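Single-structure report; data block below.
The values are calculated or read from the model by the stated rules, or taken from the named source; none is laboratory data. Everything numeric in this text was worked out from a predicted model, so none of it was measured. Here the Cβ positions follow ideal geometry from the backbone for every residue, glycine too, while neighbour counts run over all protein chains shown.
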Amino acid sequence: MAVVPMKKVLICGLKKERKHILEFLQRQGAVEVTSKTPEDSVFQKMDVSSSRTVFLRNASQAEQALEVLSKYAPEKKGLLDSFDGRKPLSLETYEALTARHGEILKKASRLLAIARSLGEIRSRIPALEQELEALVPWEAFDLPLDFKGTRKTAAFIGSLPQPYTLEDLTGAIQEQTQAAFSLTLVSVSKVQTCLFAVCGRQDAPQVDLALKKLGFQRPLLTSLVPAARRTELLQELETQKNRIRELEQEAASFADAREELKFLLDYYTMRAEKYEVLGGLAQSKTVFLITGYVPAEKAEGLKDALENRYQAFAEFQDPGADEDVPVLLRNHPLAEPAESIVESYSLPGKGELDPTAIMAPFYYLLFGLMLSDGAYGLIMVFGCLYVMKKYKNLEPGMRKTLKLFLYCGISTAFWGFLFGSFFGDAVNIIATTFFDRPDIRLAPLWFEPISLPMKMLVFSFAFGIVHLFTGLGVKLYVSVKAGCLKDAVYDVVFWYLLVGGAIVYMLTMPMFTQMLGLGFTLPALAGTLSAAAAAVGAVGIILTSGRESKNWGKRILKGLYGVYGVTSYLSDILSYSRLLALGLATSVISTVFNQLGSMLGNSIPGIILFILVFVIGHTLNLAINALGAYVHTNRLQFVEFFGKFYEGGGKKFSPFAIHTKYFKVKEDKSL
């Protein structure tokens, strides 16, 4: 339960070692660079935008080349390989590949050239096929389609948009002109008539006009006889297809270079990030300065490493009270997975308590209560353990997520066995349907919520009260630690008295305890004491909620409004009824799927149906209700729990590091 202390750092190094020092810092990932050193007559910043643009363009080329390679030589991956993180790369291998980056870039360029050539060829093929199709009606024609006639005659080669007989077409043309002409039908189909007409040169305009009135269109012109042109097109089409196959094979031949291309993408990404930092550094002719923040625990190690490896030194100091210091969380292994939940809400503000360790146990328990099935919990546990064991290179964020669901799975299994749910009532259904043993069932270790929903509701409310009061307790601790004892009494103790007293008082009312199905009612003395405590709390809130105001009239009015806030506690407690709702939803849906699967009884079709419904139904139920449990558990933490003491607003520690996609460079010695 700690926010890692930060130190401000000033690093000064020789300009000739700038490249190596920056790469060392990037591999270590320990310094968040701020580069706030102002420019002056000695120290100035350099413009690296053009170089950075080149690196980003090269990284983009590498990424596009990988996409081309994936298309023609797909990478074989398993279903769960997406969990496998970046591969570790030794410093020696990194330097060897770095020396070959120009050679690898040429391979990327060749792959992109192949892709462009393939695109051009593929765009040409439809035009060839279209021309081939257009030549089909003219296959028997023995003149070039661009034949216009002789010195004394005019020729018309083309088509009309409907079928004609020779007699009908001759008559249709004669209705439009009195000129003499000769007509030959080349082919006739349901949609067009291909024709060849000849007339005297002097009659050409009249015949042309007559044909146009009938919808005459000329074909694609070619100086070859259609049959010869068709042969030529078929040869060209085959040539282009062969060329496509050759280029595809050439692209696939780069499969062995896949890892190199991945490195190239990471390499230029790293260089672009390094140059982004470089552009913000203050530099003179001989030295350069780096300013930023480093975790206090790594300060001495960083100082020693810089002084031993390079001609550089690091100076550290505590951040000022008004500085916006980045936040890095550090918790024990049980609470660490829940850091991502806190981060998704907001990191602790300056001087604020890290709530992760307090929140984590409640998070696991609440998630398990909402899912509450022993089998589902075991599936989550063994699934997470399998992935964590199989994939050694898991990214830190993914490992935290898997641990989060591992602990949530343990909680789910725990509550599931307490409530007697194992795939719902699958044990009893299977025993009754297929073994004729209705006496076999998984008995709950505590009680069955579906049979005693009121008991589950009361337990949910009780759990919620503990959760809320823990949040208030954290606020009490923070106030006392900060030396604000009055705030601790005014903002926490009085609310404990009011809300706690009201709850205890209601437990002395037989009507209330009977409605909730409680087996006890507190004595009248407890009611008197709790009522007195609630009254003290209410009066205290009225007198202190508006304590910032010097006007007693305004103070009392604000105090009365503050007491009205007790209704928010009521709504907060009622919101924990979702524990009952989601827990029952999981159980009821499981039961429904079990009953649906057993409809055909103990028979071969019945067994097949049961297996299908069981697998599909419970897979869907687990997925949907696990998502619901995740969402609603977050809501209870963010709204009900954090709302009592936590504000957040911190900025995440973002060190200058290797933010790559495929590889992570292993430093020979970490800080």
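Among the listed residues Lys400, Lys390, which satisfies the condition of being assigned by TED's automatic domain parsing to the domain that holds Arg635, among the basic types (Lys, Arg) and closer than 26 Å to Glu640 by Cα?
Just one listed residue meets the conditions, Lys400.
Limited to the stretch 157-183, what total is found for residues that are under 23 Å from Pro226 (Cβ atoms) and of a type outside the set (Ser, Thr, Tyr)?
Within the stretch 157-183, residues that are under 23 Å from Pro226 (Cβ atoms) and of a type outside the set (Ser, Thr, Tyr) number 10.
Among the residues of the stretch 314-341, what is the count of those that are farther than 14 Å from Ala296 by Cβ and touching a Gly at 6+ places or on another chain (Cβ under 8 Å)?
The qualifying residues number 1.
Is it true that Ser82 is over 14 Å from Asp266 (Cα atoms), at pLDDT 90 or above and polar (S, T, N, Q)?
no
One residue is enough: does the stretch 505-517 have a residue meeting the conditions touching a residue at least 60 places away in the same chain (Cβ under 8 Å), of a type outside the set (A, V, I, L, M, F, W, C), touching a Gly at 6+ places or on another chain (Cβ under 9 Å) and surrounded by 13 or more Cβ atoms within 10 Å (Cβ to Cβ)?
For the stretch 505-517, residues touching a residue at least 60 places away in the same chain (Cβ under 8 Å), of a type outside the set (A, V, I, L, M, F, W, C), touching a Gly at 6+ places or on another chain (Cβ under 9 Å) and surrounded by 13 or more Cβ atoms within 10 Å (Cβ to Cβ): absent.
For the subset of the stretch 584-605 comprising residues that are out of contact with any helix residue (DSSP H, G or I) (no Cβ under 9 Å at 6 or more places or on another chain) and closer than 21 Å to Ala626 by Cβ, which member is surrounded by the fewest Cβ atoms within 10 Å (Cβ to Cβ)?
Val588
What's the number of the only condition in (1) farther than 14 Å from Ala2 by Cα; (2) in the same structural domain as Leu402 (by TED's automatic domain parsing); (3) of a type outside the set (S, T, N, Q) that Val325 fails to meet?
If we test Val325 against (1) farther than 14 Å from Ala2 by Cα; (2) in the same structural domain as Leu402 (by TED's automatic domain parsing); (3) of a type outside the set (S, T, N, Q), just (2) comes out false.
Quick one: what pairs do we get from the stretch 12-34, first residue more than 17 Å from Lys664 (Cα to Cα), second acidic (Asp, Glu), C-beta under 9 Å, 6+ apart or different chains?
Correct list of pairs: Cys12/Glu315.
Within the bounds of the stretch 607-618, is there any residue that is in contact (Cβ under 8 Å) with a residue 24 or more places away in the chain, of a type outside the set (Ser, Thr, Tyr) and closer than 22 Å to His467 by Cα?
Our first condition is that a residue be in contact (Cβ under 8 Å) with a residue 24 or more places away in the chain; within the stretch 607-618, this holds for 607, 610, 614, 617-618.
Next, only the ones that are of a type outside the set (Ser, Thr, Tyr) stay: 607, 610, 614, 617-618.
Next, only the ones that are closer than 22 Å to His467 by Cα stay: none.
Scanning the stretch 607-618 turns up no residue that is in contact (Cβ under 8 Å) with a residue 24 or more places away in the chain, of a type outside the set (Ser, Thr, Tyr) and closer than 22 Å to His467 by Cα.
Output the residues belonging to the stretch 619-671 that are among the polar types (S, T, N, Q) and assigned to a loop (DSSP other than H, G, I, E, B).
Matches in the stretch 619-671: Ser654, Thr660, Ser670.
Go through the stretch 167-205 residue by residue and tally those that are in contact with a Phe, Trp or Tyr (Cβ under 9 Å, 6 or more places away or on another chain) and either of a type in the set (Asp, Glu) or in contact (Cβ under 8 Å) with a residue 24 or more places away in the chain (or both).
16
For the stretch 140-152, which positions are surrounded by 14 or more Cβ atoms within 10 Å (Cβ to Cβ) and either under 14 Å from Leu233 (Cβ atoms) or free of Cβ contacts under 8 Å to residues at least 12 places away in the same chain (or both)?
Scanning the stretch 140-152 gives Leu145, Phe147.
Considering only residues that are within 15 Å of Gly29 (Cβ to Cβ) and of a type in the set (A, V, I, L, M), which ones fall in the stretch 266-295?
Listed by number, the residues that qualify are Met270, Val277, Ile290, Val294.
Just to be sure I understand the filter: pairs with C-beta atoms under 7 Å, separated by 6 or more residues or on different chains, first member in the stretch 474-486 and in contact (Cβ under 8 Å) with a residue 24 or more places away in the chain, second member among the β-branched types (Val, Ile, Thr). Which pairs pass?
From residues that are in contact (Cβ under 8 Å) with a residue 24 or more places away in the chain, the pairs are Val474/Ile358; Lys475/Val492.
Sort through Lys262, Lys298 and tell me the only one that's under 19 Å from Phe24 (Cβ atoms), under 38 Å from the mean Cα position of the chain (by Cα) and either surrounded by 15 or more Cβ atoms within 10 Å (Cβ to Cβ) or β-branched (Val, Ile, Thr) (or both).
None of the others qualify; the one that does is Lys298.
Does Phe156 count as touching a residue at least 24 places away in the same chain (Cβ under 8 Å) and either among the aromatic types (Phe, Trp, Tyr) or within 30 Å of Glu238 (Cα to Cα) (or both)?
Here the answer is yes, as Phe156 does meet what is asked.
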